[in-house]
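Novice: Sharing a structure below in structure tokens format, with a few things to ask.
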Amino acid sequence: MTELLRVEGLTRSFYGVRALRGVDFCVRAGTITALIGPNGAGKTTAFQCISGVVPPDGGRVIFAGQDVTGWRPDRITRAGLTRTFQIARGISRLSVLDNLLLYAPRQPGEGVLAALVNGGAAAEEAARVRAIAIARRLNLLRVANNAAGALSGGQKKLLEIGRALMAEPRLVLLDEPIAGVNPTLAEEIADHLRGLCQDGITFLVIEHHMDLIARLCHPVIVMAEGRRLTEGSFAEVAADRQVQDAYMGSRRWA
Amino acid sequence: MASYLLAMAVFAGFYALMALGLNVIWGLAGMINLGLVGFFAIGAYTAALLSVKLHVPMLVGWGAAAIAGSVAGALLAVVTARLKGDYLAIVTLGFSEIVRLTASNEIWLTGGTDGISAIPGPFRGALSPLGFNLVFAGLIWGVVAVTALALGRLSASPFGRVLRAIREDEMVAAVAGKPVLAFKVRAFALGAGVLGFAGALYAHYNGYVAPDAFQPLITIYVVLALTAGGTGTMRGAMLGAVLVIALTEGTRFLDDVLPGLAPVQIAALREALIGTALIVILTWRPQGLVAERTRVLQLEAL
């Protein structure tokens with residue numbers, strides 16, 4: 001399988017805190033790769049740097065053969081790499097459908113002059129059809145015209161995924177897609193991700209629910225203290241002594 | 001009295017046009033702009049100077065004023081790209097004061113505090129004062145209507161959707177693939193262009209411009225108009241402007257209703273009444289008289 005994303009020596013500090021101390025990993029196309037590690041390992045910071053929301057201090061991010069290090073987030077999204085947020089942050093006063101439409105790429109109606117003369121109506125219409133299809137797929141059609149702020153927690157998580165899909169991505173970074181979601185819906189989200197992966201979208205997932213990772217993700221990348229610790233199948237990393245130490249602390253005193 | 005009422009209708013038109021311009025910058029894109037009177041002044045001076053010094057036709061001057069406002073707006077948006085909220089408010093307020101002080105001091109160009117007088121008005125010579133007010137009221141409200149329609153269209157378009165997204169959460173808009181700064185510059189230029197155009201109309205209506213006319217108080221009134229009317233909606237902007245003029249002007253007649261008060265007391269009471277009315281409106285309807293609605297779209301896929 002081909003490599004879709006490569007991260008090399010990524011570093012980032014926030015004042016004195018060295019959140020990333022030279023992270024290296026790669027994500028192969030067609031996988032649902034997990035990124036796990038204890039709190040403070042630097043997983044979210046890695047996402048911020050890869051998606052362009054926070055510029056890295058050093059290192060490189062190569063997406064689909066292109067060096068995207070330090071690009072603005074909008075440009076990275078247009079290149080085919082998009083992300084969701086850990087705490088769902090939809091545009092609360094826009095409807096679910098408008099939230100989806102916001103992520104539609106190549107909309108001529110976003111230009112001032114085109115918007116005045118109702119240009120880009122065809123593109124908008126096509127995007128609307130696609131948004132409805134995505135809302136239907138994610139069981140959001142019932143609430144498609146509700147304000148995004150009025151959704152339940154689980155629906156907001158689904159909307160996060162739906163918005164990312166609207167951007168026509170090749171790779172989606174999911175930051176805790178099932179945190180705080182009930183087990184039934186979590187299973188449903190996992191099914192969606194499997195289906196979308198079969199449709200050709202690659203996922204890199206930060207998640208703390210190990211049972212879900214065990215069933216959904218391969219391979220699993222483990223981070224600790226701003227570095228990649230190890231990588232392998234879930235069974236391999238779960239059996240790894242270093243990983244156990246990173247999560248539980250070493251047994252120095254036992 | 002008819003002339004006075006018409007003059008008030010004209011002023012309500014200026015406020016409505018300014019509130020519409022502000023609505024693009026603040027109502028849709030969420031950038032607080034306490035310097036809007038500066039763009040209004042730039043438009044007024046551009047039109048006045050072109051007309052008086054270079055004898056350029058009025059319509060050309062109006063276009064130039066809108067462009068001058070737009071350019072100033074785009075520049076200010078680029079300069080303040082990293083500022084938000086209170087900080088943006090202070091810088092924009094400073095901008096409008098710089099415009100006013102420049103107009104006061106660059107005497108060779110603006111005539112300083114003496115201002116520029118004898119600015120021609122459309123058909124002014126051929127009409128009675130009442131007739132001129134009538135024509136101008138029609139003109140300004142016609143402009144308001146066309147502007148509101150055009151901006152309403154923009155607001156309902158994908159362009160408006162991106163501006164709203166930037167207002168609510170810039171990071172989401174960026175991750176959605178939208179170049180945030182480019183959209184902010186466009187919104188600022190568009191709104192400031194409307195403000196500059198309003199300034200040009202004001203110069204030709206009043207026949208005289210001087211720095212004194214461009215006090216920050218105008219900005220405050222327009223911000224109040226938009227807040228009370230409803231940020232994010234064009235109808236709200238227009239309604240709020242009429243309301244603010246009705247409150248500030250209507251209270252002039254308090255001494256007819258309340259005899260036996262000294263003029264000073266009347267003046268104080270007037271301000272208190274305006275303040276109270278706005279507090280009541282915003283308590284009763286925190287989103288303004290015309291609240292922004294979540295758009296409902298047809299769901300059946302074609």
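Novice: What are the residues in region A:138-147 that are assigned to a helix (DSSP H, G or I) and at the interface with chain B (Cβ under 9 Å from one of its Cβ atoms), if any? If you could, list the steps in order and put the result at the bottom.
Specialist: From region A:138-147, those assigned to a helix (DSSP H, G or I) are A:141-143; that's our starting set.
Within region A:138-147, A:Leu141 is the sole residue that qualifies.
Residues are listed down the side, and each one gets a yes or a no for (1) touching an Asp or Glu at 6+ places or on another chain (Cβ under 9 Å); (2) more than 24 Å from A:Gly119 (Cα to Cα):
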| position | (1), (2) |
| --- | --- |
| B:Phe132 | no, yes |
| B:Ala137 | no, yes |
| B:Leu149 | no, no |
| B:Arg153 | no, no |
| B:Ser157 | yes, no |
| B:Ala165 | yes, no |
| B:Met171 | no, yes |
| B:Val209 | no, yes |
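Novice: A further question follows. For residues in region A:38-53 being in contact with a helix residue (DSSP H, G or I) (Cβ under 7 Å, 6 or more places away or on another chain) and surrounded by fewer than 24 Cβ atoms within 10 Å (Cβ to Cβ), which is nearest to A:Leu5 (Cα to Cα)?
Specialist: Going through the qualifying residues, I end up with A:Val53.
Novice: From (1) more than 9 Å from chain A (Cβ to nearest Cβ); (2) touching a Phe, Trp or Tyr at 6+ places or on another chain (Cβ under 8 Å); (3) in a helix (DSSP H, G or I); (4) without any contact (Cβ under 8 Å) to a residue 24 or more places away in the chain, pick out the condition that doesn't hold for B:Phe123.
Specialist: In the conditions (1) more than 9 Å from chain A (Cβ to nearest Cβ); (2) touching a Phe, Trp or Tyr at 6+ places or on another chain (Cβ under 8 Å); (3) in a helix (DSSP H, G or I); (4) without any contact (Cβ under 8 Å) to a residue 24 or more places away in the chain, B:Phe123 misses (3) alone.
Novice: Continuing with this model, one more query. With the condition kept exactly as written, say whether any residue in region B:61-77 is buried (at least 22 other Cβ atoms within 10 Å of the Cβ), touching a Pro at 6+ places or on another chain (Cβ under 8 Å) and either of a type in the set (Phe, Trp, Tyr) or assigned to a helix (DSSP H, G or I) (or both).
Specialist: no
Novice: While we're looking at this one, here's another question. For A:Ile62, only one of the following conditions fails: (1) among the aliphatic types (A, V, I, L, M); (2) within 14 Å of another protein chain (Cβ to nearest Cβ); (3) over 17 Å from A:Asp175 (Cα atoms). What is its number?
Specialist: With respect to (1) among the aliphatic types (A, V, I, L, M); (2) within 14 Å of another protein chain (Cβ to nearest Cβ); (3) over 17 Å from A:Asp175 (Cα atoms), A:Ile62 is out only on (2).
Novice: What number of residues within region B:265-302 are more than 9 Å from chain A (Cβ to nearest Cβ), touching a Gly at 6+ places or on another chain (Cβ under 7 Å) and within 30 Å of A:Arg136 (Cα to Cα)? Before the answer, list the steps.
Specialist: First, the residues of region B:265-302 that are more than 9 Å from chain A (Cβ to nearest Cβ): B:265-291, B:293.
Going one step further and asking which of them are touching a Gly at 6+ places or on another chain (Cβ under 7 Å), we end up with B:287-291.
Imposing the further condition that a residue be within 30 Å of A:Arg136 (Cα to Cα) reduces the set to B:291.
Of the residues in that region, 1 qualify.
Novice: Please specify each residue of region A:81-101 satisfying the condition of being buried (at least 24 other Cβ atoms within 10 Å of the Cβ), under 17 Å from the mean Cα position of the chain (by Cα) and at the interface with chain B (Cβ under 7 Å from one of its Cβ atoms).
Specialist: A:Thr82, A:Arg83
Novice: Against the conditions (1) over 19 Å from A:Phe47 (Cα atoms); (2) in a strand (DSSP E or B), where does A:Arg215 fall short? Just the number, please.
Specialist: Checking A:Arg215 against (1) over 19 Å from A:Phe47 (Cα atoms); (2) in a strand (DSSP E or B), the one that fails is (2).
Novice: Next question. Can you name the residue in region A:135-164 that is aliphatic (A, V, I, L, M) and touching a residue at least 60 places away in the same chain (Cβ under 8 Å) and is also surrounded by the most Cβ atoms within 10 Å (Cβ to Cβ) among such residues?
Specialist: Within region A:135-164, the match that is surrounded by the most Cβ atoms within 10 Å (Cβ to Cβ) is A:Ala164.
Novice: Quick one: B:Ser128 ticks every box in (1) surrounded by 20 or more Cβ atoms within 10 Å (Cβ to Cβ); (2) among the polar types (S, T, N, Q); (3) within 24 Å of B:Leu5 (Cβ to Cβ) bar one, so which box is it?
Specialist: (1)
Novice: Which ones in region A:103-134 are surrounded by 15 or more Cβ atoms within 10 Å (Cβ to Cβ), modelled with pLDDT of 90 or more and not hydrophobic (A, V, I, L, M, F, W, C)?
Specialist: A:Tyr103, A:Pro105, A:Gln107, A:Pro108, A:Gly109, A:Glu110, A:Gly111, A:Glu124, A:Arg128, A:Arg130
Novice: Here are the criteria: (1) assigned to a helix (DSSP H, G or I); (2) within 22 Å of A:Leu94 (Cβ to Cβ). Tell me which single one A:Glu188 does not satisfy.
Specialist: A:Glu188 satisfies every listed condition except (2).
Novice: Applying the selection to region B:159-175, what residues are more than 7 Å from chain A (Cβ to nearest Cβ) and touching a Phe, Trp or Tyr at 6+ places or on another chain (Cβ under 7 Å)? Reasoning before the result, please.
Specialist: Pass one, region B:159-175, residues more than 7 Å from chain A (Cβ to nearest Cβ): B:160, B:163, B:166-167, B:170, B:173.
Scanning region B:159-175 gives B:Leu163, B:Ile166.
Novice: Across region B:232-287, which residue is nearest to B:Ala12 (Cα to Cα) among those that are in a loop (DSSP other than H, G, I, E, B) and touching a helix residue (DSSP H, G or I) at 6+ places or on another chain (Cβ under 8 Å)?
Specialist: Step by step, filter region B:232-287, then rank; the result is B:Thr233.
Novice: Next up: Is region B:176-184 home to any residue that is assigned to a helix (DSSP H, G or I), farther than 21 Å from A:Leu81 by Cα and in contact with a helix residue (DSSP H, G or I) (Cβ under 7 Å, 6 or more places away or on another chain)?
Specialist: For region B:176-184, residues assigned to a helix (DSSP H, G or I), farther than 21 Å from A:Leu81 by Cα and in contact with a helix residue (DSSP H, G or I) (Cβ under 7 Å, 6 or more places away or on another chain): present.
Novice: A further question follows. Name every residue in region B:234-263 that is among the charged types (D, E, K, R), modelled with pLDDT of 80 or more and surrounded by 15 or more Cβ atoms within 10 Å (Cβ to Cβ), in order of residue number.
Specialist: Passing the criteria: only B:Glu249.
The values are calculated or read from the model by the stated rules, or taken from the named source; none is laboratory data. Just so you know, these numbers come straight off a predicted model, no measurement behind them. For neighbour counting, all protein chains shown are included, and Cβ atoms are generated from backbone atoms with ideal geometry for every residue, glycine included.
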